[in-house]
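Below is one structure, written out as structure tokens; comments come after it.
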Amino acid sequence: MSEQPIPDTGFEINSDYEAFEEEFASAAASEDLAEIRPLPRISMQAFCTSPDILNVIDSVAHDRRLARVHVKAVSGGIPAATEFFYEAPTPNLIILEAPQNYEQLIEELDELANVCDAGTKVVLIGHVNDVHVYRDLVRRGVSEYVVAPVAANDLITVLSELYNDPQAEPLGRTIAFIGAKGGVGSSTIAHNIGWSISHHQVQDVIVADFDVPFGTAGLDFNQDPPQTIADAIKAADRLDDQYLERILSKCGERLSLLSAPAVLDQTTDFDGEFFNHMVELLQQSAPYTVLDLPHLWTEWNKQLLLSADDIVVTAQPDLANLRNVKNLLDLINQERSGDRPPHLVINQTGVQKRPEIKAKDFAGALDYENFAEIPFDASIFGMAANNGQMIGEMSGAKKMAEVFDALAGNLTGRLEVQKQSKSLLGPLLERFKKTK
């Protein structure tokens, strides 16, 4: 192909493609979506000529990493996009399926460029796997060229790479804790794991108590801060990183607490956008944020749960918990197909004279092989709650503290299994080896 002058297309040029083979392989590789950063608030419109690509766009639109993206997909190729944008402003990102030959593709792209706003990014899903085509399209201003067929996970990776600066500070990870029923100990587990991450993994952690009327984080950490999450809700229009810093209370060198007021002066029908903004600020403030979610099923609570990087579901070993866990897992796995499955904690097992389902049978009914079992110990947990202490701070609770350390290590990917002769925790640590 002879070299031709490259016209000003109006597309935003991405100049980071000098080695096609390396970049293309990176874009096409299937990555662990748990490590992919969410996209910012942008608008995206896709024009697809085949049902398969339409289905891929639909899957991408429902992924949690695109929760802030306004997505619209229609049938039609580049000519349909050109006609549409003659009368409508172009979005931040356009995805185009391009099954035509190279000459026709260039001609149609030139026409589209005449109606594209400056700064619009364009991703092409083509049917020609040719390095020269790729390089020429990138030089013409196309942001990325992906060869069909393309999986939803691969396309999400490509989009994330377009909008997230690899040199930027990484966002902190969020770990959401929710109970299958009220009173199953989800908050206790969340607080102890947050404490373990800060003390034994030496990582900065924020424990955020979202149970505004009944939260226990303040009691568990023996804190009575003057400002709580309720103050942030009332001042939603002023919430920024500096305001967040003022309402956080320090519980240790690396542990901060966003507590709940535990008063009944307002109901919990809050605005979901506030919590989205709150979580964004929390992620920018610490490597790990523990989201202690209430046992509610409001829109905002559901959104917080499904958008977290990792989820921990806590249950007691009875039939009602089993039913609720199954419903939760079905929903979570359906909405988060590209993420790691939720972590299951079966809490308070072995209560004397109480009929219960054996932990192994409980997990087996859910087709779960990897789970944590925490035995009931009224003395240790009761004393910790009364004293405002974590299990790891109490004397005589070393084995129980190691259970929380193993859980924390598995959630952060920092689990180090040590050889211990005759250790009761050997099977537990093996069970929670990193499986990524």
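Only helical DSSP H runs with n ≥ 4 go in: add -39500 (n - 2.57) per run for the chain, normalise by residue count and round the 222 nm mean residue ellipticity to 500 deg cm²/dmol.
Working: 17 runs with 171 residues, N = 436.
Result for the chain, helices only: -11500 deg cm²/dmol.
Can you give me the angle between helix 102-113 and the longest principal axis of the chain, using Cα atoms only, in degrees from 0 to 90, rounded to the nearest 10?
Between the helix axis and the principal axis of the chain, the angle is about 80 degrees.
What is the spin-label model distance, in nm, from N333 to D52 if the labels are put 7 Å beyond Cα along the C-beta direction?
2.7
Quick query: amide H of T289 versus all other amide H atoms, modeled in the peptide plane; which residues come in under 5 Å with a sequence gap of 5 or more or a different chain?
HN-HN under 5 Å from T289: R173, T174, I175, I206.
May I ask you to derive the FRET efficiency for D269 and E111 from their Cβ-Cβ distance with R0 = 41 Å, giving the value to the nearest 0.05?
The pair D269/E111 has a calculated efficiency of 0.25.
Mind putting a number on the dipole of the chain about its Cα centre? Charges go on the C-beta only, +1 for Lys and Arg and -1 for Asp and Glu, and I need it in Debye to the nearest 20.
My answer is approximately 2500 debye.
What's the FRET efficiency of A320 with F84 using the Cβ-Cβ distance as r and R₀ = 41 Å, to the nearest 0.05?
Numbers: r = 52 Å, r/R0 = 1.26.
Rounded to the nearest 0.05, the efficiency is 0.20.
Of [x] 28.4, 93; [y] 21.9, 67; [z] 25.1, 84, which is the value of Rg and Dmax of the Cα atoms in Å derived from the coordinates here?
For Rg and Dmax of the Cα atoms in Å, the calculated option is [z].
By counting other Cβ atoms within 10 Å of each Cβ, how are H277, H70 ranked from fewest to most?
The fewest-first ordering by Cβ neighbours comes to H70, H277.
Residue-wise, which Karplus ³J(HN,Hα) couplings in Hz belong to the stretch 180-197, taking 6.51 cos²θ - 1.76 cosθ + 1.60, θ = phi - 60°, and x for glycine or proline?
Taking θ as phi minus 60°, the curve returns 5, 9, x, x, 8, x, 4, 5, 4, 5, 4, 5, 5, 5, x, 5, 5, 4 Hz for the stretch 180-197.
Under the Kirkwood approximation for Rh and a Cα-based Rg, what ratio Rg/Rh is obtained for the stretch 173-431?
Working: Rg = 17.7 Å, Rh = 18.7 Å.
Answer for the stretch 173-431: 0.95.
For the Cα atoms of the chain, what angle does the longest principal axis make with the long axis of helix 378-387, in degrees from 0 to 90, nearest 10?
Long axis of 378-387 versus the principal axis of the chain: about 80 degrees.
If the viscosity is 1.567 mPa s and the temperature 4 °C, what translational diffusion coefficient in µm²/s does Stokes-Einstein give for the stretch 76-128 when Rh comes from Kirkwood over Cα pairs?
Values: Rh = 11.2 Å.
Answer from the Stokes-Einstein relation: 116 µm²/s.
For the residue pair E299 and I380, what label-to-label distance in nm results when each label sits 7 Å from Cα along the Cα-to-beta-carbon direction?
Result: 4.3 nm between the two label points.
Would you mind computing, in nm to one decimal, how far apart the modelled labels at K234 and E369 are, each placed 7 Å from Cα along Cα→Cβ?
Each label point lies 7 Å from its Cα, and together they span 5.3 nm.
With θ set to phi - 60°, apply the Karplus curve 6.51 cos²θ - 1.76 cosθ + 1.60 along the stretch 73-86 and write out the HN-Hα couplings as whole Hz, x wherever there is a Gly or Pro.
Those phi angles translate into 10, 9, 7, x, x, 4, x, 5, 5, 4, 5, 5, 7, 4 Hz.
In Å, the Kirkwood hydrodynamic radius of the stretch 20-163 over pairs of distinct alpha carbons?
For the stretch 20-163, inverting the mean 1/r across all distinct Cα pairs yields 15.2 Å.
What list of ³J(HN,Hα) values in whole Hz, one per residue of the stretch 247-257 in order, does the Karplus curve 6.51 cos²θ - 1.76 cosθ + 1.60 (θ = phi - 60°) give from phi, with Gly and Pro shown as x?
8, 7, 10, 7, 10, x, 4, 10, 10, 10, 10
If neighbour count is taken as other Cβ atoms inside 10 Å, put W300, W195 in order from fewest to most.
W300, W195
List E253, E83 from most exposed to least, where exposure is judged by having the fewest other Cβ atoms within 10 Å. Write down the numbers at each step before the final one.
On the way: E253 9, E83 14.
So the residues, fewest neighbours to most, are E253, E83.
Coordinate-derived values only; no laboratory data. None of the values given here were measured: they were computed from a predicted structure. Here the Cβ is made from the backbone with ideal geometry for all residues, glycine too, and neighbour counts use every protein chain on show.
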